[in-house]
Amino acid sequence: MEAYLQSDDYKKLMETLSKAEDEDEYKNDTDPQGFFMYKKLLDGELDLTNWVEQVARVNTDANLNAKAIPAFLEKGKILPAMKSAICLKEKHASDPKTAAALVKLFKKWLTMPEAEKLEACGKDQRILNVVGHEIADLGCPSTEGDLVIWFDANRATGGKHTLEECHEAIKLRLRYLGQPASEEWGQAAVEALASNPKATLRIWNIIKTHKTLLKAGLNAQAAAFKAKG
């Protein structure tokens, strides 16, 4: 951000705006590249979840709804998170992201105090009851301790996207299930890379998986993965 403010591009923009007439359309646009808006987003000053909720209502894309769930949960929006979870289970049950996204919702629900649940449901006990039934119907286990077992039993495996399936599992275990990094994860990633059909193998999945292995401290496995790729 500081580099942008000191750049020639920013100085030229300010000079142009200072000379612009009031009727010029760009007179009021001091952030044409969106840097200031992006900074607000990073600083938590900008909430895009209302917009995401509107999009998710009419867009059943698996990636969109899977990514929307943790964003909704961070803002305490249980209802739209639940709707995205239902969409994933009904329309994308075998997608690599579905089981991981459901676990995120389940963990939030299982760890929320009852008062917070009621608040998230507009302080309406009837809505809370419906949400509880819907989340149970999604397969939510009875305790947080059962999430690992549920995920292992329900996650997608052996499909046409074996590397993505493996990567989603590693991320979830590290960030949400609190499992310590295991060498087996790195070995599984190497095997998933080797078995993934070329037609569905994407370079960004390879890059992201490698970065995740490094962040997990699995340096030897990351090196073997890189050599395989």
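Quick note: the coordinates plus some simple rules give every number you see, no bench work behind them. Given the structure is predicted, the values throughout are model-derived calculations rather than measurements. Methodologically, a virtual Cβ is constructed for each residue, glycine included, from the backbone with ideal geometry; neighbour enumeration extends over all protein chains shown.
List of remarks:
- With each label modelled as a point 7 angstrom along the Cα→C-beta vector, the ASN50-LYS228 pair spans 4.7 nm.
- Reduced Cα scattering model of the range 94-173, Debye log10 I(q)/I(0), q = 0.19 Å⁻¹: -0.81
- One decimal place: the segment ASN59-ALA220 gains 53.9 nm when fully extended, by the rule 0.36 nm per residue minus the C-alpha distance.
- R0 of 45 Å, Cβ-Cβ distance LYS91-ALA3: FRET efficiency to nearest 0.05: 0.55
- With a Förster radius of 30 Å applied to the C-beta separation of ASN129 and THR157, the computed FRET efficiency comes to 0.30.
- Estimated FRET transfer efficiency when R0 is 45 angstrom, pair LYS198-LYS117 (beta carbons, to 0.05): 0.45
- Using equal-weight Cα scatterers in the Debye expression, the normalised intensity of the range 157-229 in log10 at q = 0.21, 0.26 Å⁻¹ is -0.81, -1.22.
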